[in-house]
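Peer 1: One structure, pasted below without further comment.
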Amino acid sequence: MRWADFVAWVNQSKPDVMIDLYNWQTLIAGGLALFGALVTVWHIRRQIRQADVLAKQRLHREEDAAKAVLPLALSAII
């Protein structure tokens with residue numbers, strides 16, 4: 001069954017449903033758009049948190065590397 005066949009069947013068997021959908025289509029579309037925006041915001045926040053975690057891990061690795069080289073630098077000074 002194609003989409004057009006389904007719509008024709010609903011229109012023939014339940015005309016009130018199609019009238020209700022027509023009357024509420026703007027609200028339904030707005031709700032779907034709001035849902036899509038919320039999902040987008042959630043994913044962007046998750047991506048920002050992941051970038052923060054990666055930046056903190058990089059800083060810790062750089063600090064550990066600097067601490068590992070510190071005895072060599074001190075012995076070179078002496």
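Every read-out reported here was derived from the displayed coordinates using simple, explicitly stated rules and does not represent laboratory data. From a predicted model like this one, the values you see are computed outputs, not experimental measurements.
Peer 1: Sum -39500 (n - 2.57) across every DSSP H segment of at least 4 residues in the chain, then divide by the residue count to get the 222 nm mean residue ellipticity, nearest 500.
Peer 2: -35000 deg cm²/dmol
Peer 1: On to the next question. To the nearest 10 degrees, how steeply does helix 3-13 sit against the main Cα axis of the chain, on a 0 to 90 scale?
Peer 2: 40
Peer 1: Binning every alpha carbon pair distance of the stretch 28-78 at 5 Å from zero, what are the percents per bin?
Peer 2: Each 5 Å bin holds this share of Cα pairs: 4, 18, 10, 11, 10, 8, 9, 6, 6, 6, 4, 3, 2, 2, 1, 0.
Peer 1: Could you work out how far helix 15-77 tilts from the main Cα principal axis of the chain, as a 0 to 90 degree angle to the nearest 10?
Peer 2: The angle comes out at about 10 degrees.
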